[in-house]
Amino acid sequence: DGFPAPRLFSQGVSYTYDDVIFLPGYIGFPADAVDLSTRLSRRIPLSIPCVASPMDTVSEAAMAAAMASLGAAAVVHCNTEPHLQASIVRAAKSRRLPFVSSVPLFSPASTPSLSDFAGHDYGLVTERGDSLSKLVGVAVAAETSSRQAPLPVSEYMRPAPRSVSASFDFEQAAAFLADEGLDYAPLVSDDGEVIDLITVNDVERIRSYPKLGKPSLGADGKFVVAASIGTREDDKRRLEQLVKAGANAIVVDSSQGNSIYQIDMIKYAKKMYPEVDLIGGNVVTIAQAQNLVASGVDGLRVGMGSGSICTTQEVCAVGRGQNYLRKLEKITGLRVADVFKVGTVFYVFLKKFMGVVQSERKATAVYKVASYAKDHNVPVIADGGISNSGHIVKALSLGASTVMMGSFLAGSHEAPGTYEYKDGHRVKKYRGMGSLEAMTKGSDARYLGDTLKLKVAQGVVGAVADKGSVLRFIPYTMQAVKQGFQDLGASSLQSAHELLRSETIKLEVRTGAAQVEGGIHGLVSYEKKAF
Ligand code: XMP
């Protein structure tokens, strides 16, 4: 009954996650007993199998801290100056709280206006107006002078209250505020560096979310944070700064990882920084994976052109099926026409190359690469194309150790950028790192376009609907993944991988009609609300 994976995936057809369906197994344990712990790379354990993409609309300090506090991880993008990327890594690693509020800092002589508070209720006043000088007071946005000649902040700031140590975790910091009867307290490192501000509002917000599990902590006792680099010569300097900032893993970010540039970079990084795990990619075939494994990678990132904003398969005619998506339309919950009205969008380009928006894609890459990588003890990250918990169950059961998500996490509270309203929807920008807009900022190296005079986009710019905090929706998503594993009869990722290998897990291909039947159908209308 059904096909074992080796048979299904050896027929010369490239399947997407939606093309295949697992047959149910035997349930012998409760869903809560399913263990989702895994590894990001050879030496980095995670409690849940989620990784945030190295994209400039997904992973900066707030996402990295939130993901690590959930037991997951984020890869800080490299579409910025090396020292700024390193400071993002440092900012995420400098605390044990599940959030980063990036409080504004002022010098005593400054005269901030309301807009300088950037929506924050408070700002911190330090001797020099930066985080490295002594804290002298707190500026309250509501008390900011609105007179013609504004007062220096030192004239009306409040005295600095007692500080919370940055090494406090959430419960310790919450207890401190309650015990001291404070509405807010500055977060300060052991070296006296001003890091952030925690308020009772933050405490209440986090308390309303599901309880946090075991955070991802590195050997240094700090949050696990990964960061990406390119393969240019000057990325060696970037690498050095990231390692100094404490990055636990480095992802060599390339859309086609099987290149002399990447292999040279992997060898260099392994020799210079043997203590840091190196993740290579992207790959979709065993031959590509073999080259990177031989170079010494500690993890492999799998996927090419299957991401929601990718046009690589259309533009370059290479890649391999991973997922079926009605691309942005499906993930945003907005009509494509609405999505692309937002921001700077190369709509003409899009229409030309992105039959994608209306079309469906095929995939098999995760199973093929993972079946090879398993024998070499190299964890696989299934990258891109995740738009629901079912896709996560499929990616993991087909051999991946984690899933990497862009659009699924974009639009969240923790994603960089600000919300804007478009046609009644609250949205945040989400853009491909191969979009012209992102490449103009420097990410062209990912597409080996750095030396080319003519840049050809391999991605698009769009927007995704507000999803709230990842601290809230990732736990719900993981609960759904546990239920999927329970249905399969797999009590852990390892057990799922063994069941796949022993050909106990069986699959079938779904016809178009079966896919329609498997989705919501037959209703006149329904409200699409994931969480
Ligand atoms: P999702 O589907 O999660 O995909 O939004 C995120 C992944 O997509 C890749 N990525 C791109 N691929 N052009 C591409 O072909 C792009 O502009 C682009 N930007 C990101 C990347 O692997 C990411 O993790």
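The values are calculated or read from the model by the stated rules, or taken from the named source; none is laboratory data. What you are looking at is a predicted structure, and each value in this text was computed from that prediction instead of being measured. Using ideal geometry, Cβ is built from the backbone for each residue, glycine included, and neighbour counts are taken over all protein chains shown. In case anyone asks, the SASA skips ligands and DNA or RNA and just uses the protein heavy atoms, side chains included. Shrake-Rupley method; radii C 1.70, N 1.55, O 1.52, S 1.80 Å.
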Selected residue [modelled with pLDDT under 90 and open to solvent by less than 10 Å² (accessible area, probe 1.4 Å)] from GLY411, GLY442, GLY434: GLY434
In the list VAL378, VAL348, VAL366, which residue meets the criterion of being among the β-branched types (Val, Ile, Thr), more than 16 Å from the ligand (Cβ to nearest atom) and at pLDDT 50 or above? VAL378
Does the range 261-271 contain any residue that is buried (at least 19 other Cβ atoms within 10 Å of the Cβ), within 16 Å of the ligand (Cβ to nearest atom) and either of a type in the set (Ser, Thr, Tyr) or over 13 Å from SER41 (Cβ atoms) (or both)? yes
Consider the range 416-431. How many of its residues are touching a Leu at 6+ places or on another chain (Cβ under 9 Å) and either over 12 Å from GLY462 (Cα atoms) or away from the ligand (no atom under 16 Å from the Cβ) (or both)? 3
Tell me yes or no: at least one residue of the range 91-106 is touching a helix residue (DSSP H, G or I) at 6+ places or on another chain (Cβ under 9 Å), at positive phi and part of a loop (DSSP other than H, G, I, E, B). yes
The range 213-236, subset open to solvent by less than 20 Å² (accessible area, probe 1.4 Å) and part of a strand (DSSP E or B), residue nearest to LEU40 (Cα to Cα): ALA226
Looking at this structure, is SER189 touching a Phe, Trp or Tyr at 6+ places or on another chain (Cβ under 8 Å) and either under 25 Å from LYS134 (Cβ atoms) or surrounded by 13 or more Cβ atoms within 10 Å (Cβ to Cβ) (or both)? no
Selection status of PRO49, within 16 Å of the ligand (Cβ to nearest atom) and at pLDDT 95 or above: yes
Checking HIS391 against (1) modelled with pLDDT under 95; (2) open to solvent by 40 Å² or more (accessible area, probe 1.4 Å): exactly one of these is not met. Which one? (2)
Does PRO210 meet the test of being surrounded by fewer than 18 Cβ atoms within 10 Å (Cβ to Cβ) and within 18 Å of SER131 (Cα to Cα)? no
Need pairs with beta-carbon distance below 7 Å; first residue at negative phi and within the range 11-27, second hydroxyl-bearing (Ser, Thr, Tyr) and open to solvent by 20 Å² or more (accessible area, probe 1.4 Å); sequence gap 6+ or separate chains. THR16/TYR324; TYR17/TYR324; ASP18/TYR324; ASP19/TYR324
Only one residue in ALA173, ALA178 is open to solvent by less than 10 Å² (accessible area, probe 1.4 Å), outside any loop (DSSP other than H, G, I, E, B) and among the small types (Gly, Ala, Ser). Which one? ALA173
Scanning the range 445-473 residue by residue, those part of a loop (DSSP other than H, G, I, E, B), touching a helix residue (DSSP H, G or I) at 6+ places or on another chain (Cβ under 9 Å) and at pLDDT 60 or above turn out to be LYS455, VAL456, ALA457, GLN458, VAL460, LYS467, SER469
Considering only the range 161-170, how many residues are out of contact with any helix residue (DSSP H, G or I) (no Cβ under 7 Å at 6 or more places or on another chain) and either loosely packed, with under 15 Cβ neighbours inside 10 Å or closer than 24 Å to PRO215 by Cα (or both)? 5
When residues of the range 469-509 are filtered for being open to solvent by 20 Å² or more (accessible area, probe 1.4 Å), under 30 Å from LYS429 (Cβ atoms) and not hydrophobic (A, V, I, L, M, F, W, C), how many remain? 4
Among the candidates GLY281, GLY299, GLY303, residue that is in contact with a Pro (Cβ under 9 Å, 6 or more places away or on another chain) and crowded, with 24+ Cβ neighbours inside 10 Å: GLY299
Residues of the range 138-160 classified as open to solvent by 30 Å² or more (accessible area, probe 1.4 Å) and in contact (Cβ under 8 Å) with a residue 12 or more places away in the chain, total: 12
Of these, ASP183, ASP196, which one is free of Cβ contacts under 8 Å to residues at least 40 places away in the same chain, of a type in the set (D, E, K, R) and more than 23 Å from LEU36 (Cα to Cα)? ASP183
Starting from the range 502-531, keep only residues that are among the aromatic types (Phe, Trp, Tyr), then list their pairs with residues that are modelled with pLDDT of 80 or more whose Cβ atoms are within a distance under 9 Å, requiring at least 6 positions of separation or different chains. PHE531/LYS467; PHE531/GLY468; PHE531/ARG472; PHE531/PHE473; PHE531/TYR476; PHE531/THR477
